[in-house]
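Taking it in order: structure first as structure tokens, then the write-up.
The values are calculated or read from the model by the stated rules, or taken from the named source; none is laboratory data. For clarity, every value in this text was computed on a predicted model and none was experimentally measured. All Cβ positions, even for glycine, are placed from backbone atoms using ideal geometry, and neighbour counts span all protein chains on display.
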Amino acid sequence: MLTLFKNIKQLRGILPVSVRYLRGHEMDTVISIDNAYLIARDGFIEDFGSMDSCPISATSATFNQVYDLSGSIVTPTFCDSHTHIVYAGSRQGEFVDKINGLSYEEIARRGGGILNSADRLANASVEELMRDADRRLNYAIKHGTGAIEIKSGYGLSTESELKMLEVIKSLKEKHKCDICATFLGAHAVGRAFAGRQSEYVDYVINDMLPAVARQGVARFVDVFCDQGFFTPEETSRIIEAASAHGMRPKIHANELAASGGVQVGVAHNALSVDHLERAGEEELRLLAQSDTVATMLPGASFFLGMPYAPARQAIDHDCIVALASDWNPGSSPSGSMPFIMSLGCIKMKLTPEQSFNAVTINGAAAMGLSHLYGSISRSKVASFIVYKPYVPDANYIPYAYSEDLIDSVFICGK
Ligand code: NIG
Ligand code: FE
């Protein structure tokens, strides 16, 4: 299947295929070609360039399909490297509690928060979970996401964690959008272990992990390493045990306090450490010396009224900065990556170019997928966004933060 996309007003996000991420001020630039074409063969990018050198003169019979994208900006699809889109029900009751002054931690201490979602998930059927997660994934794809990470973590028992991971597996089978599964058994202490945190950690290591590994349903492991949740020592134990099963860590760190999560993550060569609202000098310096992606989740800061993670400082320190949606029912009930890119600019003061690189190539790096996604490069997957022809230039995209600017999304060339 050979497809030609011609007359692209501007093809953006071009990188040599060998670039795995952009670090620090490498994020300042987005390479583009005006008046461009792109050729996809069997779902992969075969070639692209200026229309002046477009092989269109080779009769259109050469191509199975030709799209005229006159007037449109084209970019790679978003790489949303941190989500929790498998969940049951919703938590708008807590949303009102928050409006009335309770903090995220106070709600969690009252048995709300993650445990509230775990109760609902335990009572939900696989079919219900699948229906809702499928709807969310379709929303994400329609809004430009072409590769996504999805975590477990509302199960908190072996049975329910496996149920969540089964749903993620079914989503994977159904969709062409790339999906990576992360096992997050240590998201909170399950109710059955209330007051017995260290026993719960043993249970995660000795019961959940081997079961998850046996079924081969998770590529990564995550721990909520933060004040009131899991300590750096517990996190270390869990990720070391997971490493023995070949699962690489992606850690929730420094959302609520300077938790030591960044230090544990970097020490264990985590693919990413995520949140970072309370990351300071020491954490940024460590990250800059590592290949661990600093993933920031501005949707959670926006929704919970927390400080935003120090994205600009992280770039100045030479870190690899990614932005992700954190779509979940408690701290970020939205999977709109265009909005995340806008928050990157509006609230974190990233330039449109930095924000763009944070939601594409560096998001891909945070999922270990940058050989396939995150840029327009020969041999990468032909997943890209076509913007509406009236969009005047690329800066308009994060600027018009609630306008629906996406005309169409191609996943694997279709
Ligand atoms: O990334 N911070 C921990 N986990 C999720 C929120 C989970 C929830 O509140 O349901 C997050 O924000
Ligand atoms: Fe999260």
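Of note:
- Flag for ALA192 being surrounded by fewer than 22 Cβ atoms within 10 Å (Cβ to Cβ), away from ligand 2 (no atom under 16 Å from the Cβ) and more than 24 Å from ALA257 (Cβ to Cβ): yes
- Screening TYR37 with (1) crowded, with 19+ Cβ neighbours inside 10 Å; (2) under 27 Å from SER152 (Cβ atoms) gives one miss only, at (2).
- Evaluation of ALA382 against the conditions (1) under 16 Å from the mean Cα position of the chain (by Cα); (2) in the same structural domain as LEU69 (by TED's automatic domain parsing) shows that the sole unmet condition is (1).
- Among the residues of segment 33-48, those that are in contact (Cβ under 8 Å) with a residue 40 or more places away in the chain and on the phi < 0 side of the Ramachandran plot comprise LEU38, ALA40, ARG41, PHE44, ILE45, GLU46, ASP47, PHE48.
- Qualifying strands (runs of 3 or more DSSP E) (wholly inside segment 290-391; at least 3 residues being within 16 Å of ligand 2 (Cβ to nearest atom)): 293-296
- With respect to being buried (at least 21 other Cβ atoms within 10 Å of the Cβ), modelled with pLDDT of 95 or more, within 23 Å of GLY113 (Cα to Cα) and in contact with a strand residue (DSSP E or B) (Cβ under 9 Å, 6 or more places away or on another chain), MET296 fits the description.
- Only one entry of ALA258, ALA218, ALA244 meets the criterion of being out of contact with any strand residue (DSSP E or B) (no Cβ under 9 Å at 6 or more places or on another chain) and more than 22 Å from LEU323 (Cβ to Cβ), and that entry is ALA244.
- Strands (runs of 3 or more DSSP E) wholly inside segment 1-110 that include at least 3 residues being polar (S, T, N, Q) and closer than 25 Å to HIS143 by Cα: 2-12
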